[in-house]
Amino acid sequence: MNNSVSGTGRLLWAGLRALLVLTVVCGVIYPLAVTGVAQAVMGHRANGSEIKADGKVVGSSLIGQSYTLPLKKGQRTPAPDLGWFQPRPSNGLGTNSVNTQYKLLVSGATNLSGDNAELIRWVKDAKSAVVKENSTAGYRVRPSDVPADAVTSSGSGLDPDISPRYAELQVHRIAARHHLSVARVERLVADHTTGRTLGFIGEPRVNVLELNVALKQLAQR
């Protein structure tokens, strides 16, 4: 009887010591070490790749945002704020006009097939809107000028980047809205165009939030 109780007590004490040691190692030392290395080696990324404007965090370079006007009475979806570069279409974006309101919604895709009638209608409507919104008095956008990423959403619905072609398509509208020269806005897009990773992975891209933050600073000057 005594041996049984003594053996059980030793097992419980050994288990408790293992629990305490593993809690300290796995729950305290390891997280602190990983956090310390992440902050030392890649602090910006470890903190969420935050982007600041006017001293405030306005979003992350990894998560897309929409740039829309306030929702009017009777509207189901807000109209785009054409004073800013527009991202890819998406049903999962938070609204932001480079202001202090940054809202993240659940991401997702439509999962509709390429021959789905509703998807085809969405793409056609989106293309017509892109042509209309980006045509100015001295610049006419043709349907053939519209790239695929201007009328289709990404798999996550939160793609933060657009193609340089789509960014360049919006240059004339942006220049007219902010009373800037087309050449100056083109330089802005070129300065914020990132090439392929390691020279061969992916495609050239433009981060919309970073571009709009730079546009705001340029327009204020």
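Each value in this text was obtained by applying a stated rule to the coordinates, not by laboratory testing. Predicted model, so just to flag it, every value in this text is computed and none were measured. Positions of Cβ are backbone-derived with ideal geometry, glycine not excepted, and every protein chain shown enters the neighbour counts.
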**OP:** Please list the non-local residues whose amide H lies under 5 Å from the amide H of Tyr67, H modeled 1.01 Å from N, same-chain partners needing a gap of 5 or more.
**Re:** Asp81, Asn96
Subject >> Inter-label distance for Ile201 and Ala219, nm, one decimal - labels placed 7 Å from Cα along Cα-to-Cβ >> reply: 3.5
Original post:
Which of Arg173, Arg187, Arg88 comes first, and how do the rest follow, when ranked by fewest Cβ neighbours within 10 Å?
Top reply: Arg187, Arg173, Arg88
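Percent relative contact order of the chain, based on C-alpha pairs within less than 8 angstrom and at least six residues apart? Don't skip to the answer; put the middle values down first.
Working: 286 pairs, mean separation 40.3, N = 221.
Answer for the chain is 18 percent.
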**OP:** At 7 Å along the Cα-to-beta-carbon direction for both Val41 and Arg140, put a label point, then send me their distance in nm to one decimal.
**Re:** 5.6
Subject >> 15 Å Cα-Cα reach of Lys56 towards aspartates and glutamates, excluding residues that sit fewer than 8 places from it in its own chain >> reply: Glu210
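Quick one: His179, His172, His44, fewest Cβ neighbours within 10 Å first, how do they rank? Don't jump to the answer; show the numbers that get you there.
On the way: His179 7, His172 20, His44 11.
Arranged by neighbour count, lowest to highest, His179, His172, His44 become His179, His44, His172.
In the chain, which helices (entire DSSP H runs) extend 24 Å or more along their own long axis, judged by Cα positions, while averaging at least -0.5 on the Kyte-Doolittle scale?
Working: long enough: 2-24 (33 Å, 0.78); 117-134 (26 Å, -0.31).
Correct list, ordered by number: 2-24, 117-134.
Rounded to the nearest whole Å³, what is the per residue volume of the convex hull around the Cα atoms of the stretch 1-47? Kindly include the intermediate steps, with their values, before the conclusion.
Values: hull volume 1.9 nm³, N = 47.
Measuring per residue, one finds 41 Å³ for the Cα hull of the stretch 1-47.
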Subject >> the chain: most fluctuating residue of Gly199, Gly27, Gly43 per GNM, C-alpha cutoff 10 Å >> reply: Gly27
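As a footprinting exposure proxy, order Thr194, Thr35 by other Cβ within 10 Å, with the fewest listed first. Before the final figure, lay out each step's value.
On the way: Thr194 14, Thr35 11.
Going from least to most buried by this count: Thr35, Thr194.
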Subject >> Value of [θ]222 nm, deg cm²/dmol, for the chain, DSSP H segments ≥ 4, -39500 (n - 2.57) each, nearest 500 >> reply: -14000 deg cm²/dmol
Original post:
Given H placed 1.01 Å from N in the peptide plane, which residues other than close sequence neighbours of Val58 have an amide H under 5 Å from its amide H?
Top reply: Ile51, Lys52, Ala53
**OP:** Consider just the alpha-carbon atoms of the chain and return their Rg together with their Dmax, both in angstrom.
**Re:** 25.3, 98
